[in-house]
């Protein structure tokens, strides 16, 4: 490959599903000359190196981030504040600092105070994932046709935003820019609450005294299995998401419960018309998602 | 094919996803010499005939069921009482009458009074489906490796139960026999409540004033899209399920809401440990479903 890579040195702090996938696509698309990885555990570091998607791997985030032109935090959002503090002194002037966290207001609150002047902080969130986690789960196609949302605080360098947008576009994504608070509300309904109720129903099922766990598993094909897939997502990552997006999650959850109470009442009173009307409406939304290529 | 078919004449009352799939697999496995279909609308009748999975098709259920050795009701459960009443006079002595309804206690209550003596009523439920409906949605592999639950009332002819079990096994299913009331509780948690909360969250999302419908659709890949798939299931079929399995659905829904309130409280009070504990537990259940071949 004779063409110059997009960034000379890319640092990925966290080498799970998303970090590993970024590394794979960065290699394939020549987005980085050197990919430096950082992972908290020796197991992940060894595995990442063995899989070959990083050129170097460190236990210390500051070492991995030193001299990088683009640093992306890919660990659970609860780790961002201490990591930002650790890497701040080694960040190169002109470097772009970004992340892939599923929450954006709290991430800005946690990272922003540590960002040295001359470093461009552009928070990001690729809306893509699977229920698998760890370095083995990564693959270069994860971001294809998916949206990546950037939520740069006011005053962020326009050129840095454009370069990061270009990075994500070359990774296969479509890029959208919005306010962090709006991101958090949109994601609460499209991602956080779906995960929460999936986790919840799997717990409810496991606790039923009159139905054995083996029965729940045997008859999962009736609809339940789709929820268990989502409820298999990384526990620590999701714990951090709910704790970090408390306000929006509680707001949307309140509406969900209110609507569910109305449905419950319709069932109790045998109001078939109300049920059918909702079910027909939701079917139409599915068709729009298929048409939009997000199914 | 020179071998004798399992049943000489099979009548399918209802030619949507499940009825059409039974016809396809019955053809492939030589389970019936003649497949008589019945559908309420002219469109479905014409389409079924055109697709070729029935040998004859009638608007009148009694005509389709006349002389059949096995009659399976495949329409929404709310239609079963009038259909049973209509076909009763034409049912052949020794015939097996079955159904594929997702609820069993109410179905027995609706059908049993009309069953003539000498006809064997064996209620059934193949736990299999997709979000698609109509005659075009059918395919022969729908039941493969899925469970079919039979809920014969006490005193049902053992030979009839065995013959119907064999029919489903030859269609690719594994067969389980249980009490109707237990079936309704097991399916409430593994199928009915998952559908209800999927329908509900899609409605909640569509009603949010601060998030546009196009945003919900764009960012559906974050988890929401899996719910929209389930919430695209047939509206009339599901309306009937909820109205027919009221007690078990309301019971399990109460538990679900209780558990969700506890999660809501954990988020409000920042109890990360409680969240993580649940999320780890649900992940283990996913693994068991994969191991059981039901993923």
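What the table below lists for this structure:
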read-out: Subset tally (residues that are surrounded by fewer than 16 Cβ atoms within 10 Å (Cβ to Cβ) and within 7 Å of chain A (Cβ to nearest Cβ)) for the stretch B:261-271; value: 2
read-out: Residue among A:194, A:126, A:135 that is in contact with a helix residue (DSSP H, G or I) (Cβ under 9 Å, 6 or more places away or on another chain) and within 30 Å of residue B:189 (Cβ to Cβ); value: A:194
read-out: Any chance residue A:46 is free of Cβ contacts under 8 Å to residues at least 24 places away in the same chain and surrounded by fewer than 21 Cβ atoms within 10 Å (Cβ to Cβ); value: yes
read-out: Failed criterion for residue B:158 (all others in (1) in contact with a helix residue (DSSP H, G or I) (Cβ under 8 Å, 6 or more places away or on another chain); (2) farther than 20 Å from residue A:223 by Cα hold); value: (1)
read-out: Flag if residue B:258 is out of contact with any strand residue (DSSP E or B) (no Cβ under 6 Å at 6 or more places or on another chain), more than 7 Å from chain A (Cβ to nearest Cβ) and more than 19 Å from residue B:102 (Cβ to Cβ); value: yes
read-out: Out of A:165, A:214, A:181, sole residue that is buried (at least 18 other Cβ atoms within 10 Å of the Cβ) and more than 7 Å from chain B (Cβ to nearest Cβ); value: A:165
read-out: Failed criterion for residue A:196 (all others in (1) more than 17 Å from residue A:131 (Cβ to Cβ); (2) assigned to a helix (DSSP H, G or I); (3) at the interface with another protein chain (Cβ under 7 Å from one of its Cβ atoms) hold); value: (1)
read-out: From the options A:206, A:232, residue that is at pLDDT 90 or above, within 7 Å of chain B (Cβ to nearest Cβ) and not in a helix (DSSP H, G or I); value: A:232
read-out: Residue check, residue A:247 more than 7 Å from every other protein chain (Cβ to nearest Cβ), surrounded by fewer than 17 Cβ atoms within 10 Å (Cβ to Cβ), in a helix (DSSP H, G or I) and modelled with pLDDT of 90 or more; value: yes
read-out: Among residues of the stretch B:27-49, those that are under 18 Å from the mean Cα position of the chain (by Cα) and more than 20 Å from residue B:83 (Cβ to Cβ), counted; value: 0
read-out: Unique match (being facing chain A (nearest Cβ under 7 Å) and either surrounded by fewer than 23 Cβ atoms within 10 Å (Cβ to Cβ) or in contact (Cβ under 8 Å) with a residue 24 or more places away in the chain (or both)) among B:290, B:285; value: B:285
read-out: From the options B:214, B:257, residue that is assigned to a helix (DSSP H, G or I) and under 16 Å from residue A:262 (Cα atoms); value: B:257
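The values are calculated or read from the model by the stated rules, or taken from the named source; none is laboratory data. What you are looking at is a predicted structure, and each value in this text was computed from that prediction instead of being measured. As a convention, Cβ positions derive from the backbone with ideal geometry for all residues, glycine included, and neighbour counts pool all protein chains shown.
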